[in-house]
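Here, each number is a calculation from the coordinates, and none is a lab measurement. Keep in mind the model is a prediction, meaning the values are calculated, not measured. Cβ: placed from backbone, ideal geometry, glycine included. Neighbour counts: every protein chain shown.
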Amino acid sequence: MNRLFPVFLGFLLLVYNGSGALAASPKATALRQANGLTAFNPPEKFLAGNFVAEEMTPAFIFGTVKSFAANRKCPTAWLIEESAKNRPAGLGSSGAPAEYTLYLEEDCPDKVVYYVFVDQSGLTPQQWIEWREKFHKTKTEPQYGPTKSKLDQACTEGCGVGAELRFIQKDGELVAKSPEEIVRVDLKFAQIYDLNRQKKIAP
């Protein structure tokens, strides 16, 4: 019996670290319930893609979503709105590519942080701007046109984008600081491409 206990303990630790399901603190659990969120396994294409952290005029492309999640200091879990959990990844109601929201929960002893990503792994730069036209109408081209051109160029250089970090929440409150600044300066997560200079950034 004594020999089995370390094996059982090791199994519990594996489940804890692998799924994130047992990592949820009471505060994290309450926030999930309040926001209608449930655990979710994101598609590999989304996890393996690079991301930007500014909706209108991103200055940088960061490394993969998977690497960003792995660099967090506290236990993490991927969440999605309950109503969206069965929707095929990257597809809208018409079957055309569309974006949807995923939450990376970081459950720390003193706070619970949501990094709110939009999965755009099914979008080309052209589809990216067409999707925004639905919401911004005639303002889309002046606002997003230059960014689309820069994203096109980044794609040709092997630095395509599959996700956008739209905003960050701390204990349920929106963080006013720019997500791009937080990721680049506060979290010191590496940029791989400078969109303004249209140039790769050396590791």
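Values as computed for the structure displayed
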{"quantity": "Förster-model FRET efficiency, 45 Å R0, Ser25 and Thr57, C-beta, rounded to 0.05", "calculated": "0.80"}
{"quantity": "Charge tally in the Cβ shell below 11 Å around Pro179, where Lys, Arg are +1 and Asp, Glu are -1, Pro179 excluded", "calculated": "-3"}
{"quantity": "Footprinting exposure proxy for Arg184, Arg197 (fewest neighbouring C-beta atoms within 10 Å first)", "calculated": "Arg197, Arg184"}
{"quantity": "Residues of type aspartates and glutamates that Lys27 reaches as a straight line, Cα spacing below 15 Å, ignoring anything fewer than 8 places off in the same chain", "calculated": "Glu105, Glu106, Asp107, Asp110, Asp171, Glu173"}
{"quantity": "Cβ-Cβ FRET estimate between Leu174 and Lys85, R0 fixed at 22 Å, reported to 0.05", "calculated": "0.40"}
{"quantity": "Surrounding net charge for Gln191, when Lys and Arg each add one and Asp and Glu each subtract one, Cβ distance under 15 Å", "calculated": "-1"}
{"quantity": "Entries of Lys45/Lys148; Lys66/Lys177; Lys111/Lys148; Lys85/Lys199 with Cα pairs more than 30 Å apart", "calculated": "Lys111/Lys148; Lys85/Lys199"}
{"quantity": "Extension gain, Ile201 back to Glu44 (0.36 nm per residue minus Cα-Cα distance, nm)", "calculated": "54.1 nm"}
{"quantity": "Neighbour-count ranking [beta-carbon atoms within 10 angstrom, fewest first] of Glu180, Glu105", "calculated": "Glu180, Glu105"}
{"quantity": "Least to most buried among Ile61, Ile182 (fewest other Cβ within 10 Å first)", "calculated": "Ile182, Ile61"}
{"quantity": "Potential extension, Lys111-Ser67 segment - 0.36 nm per residue separation minus Cα distance", "calculated": "13.7 nm"}
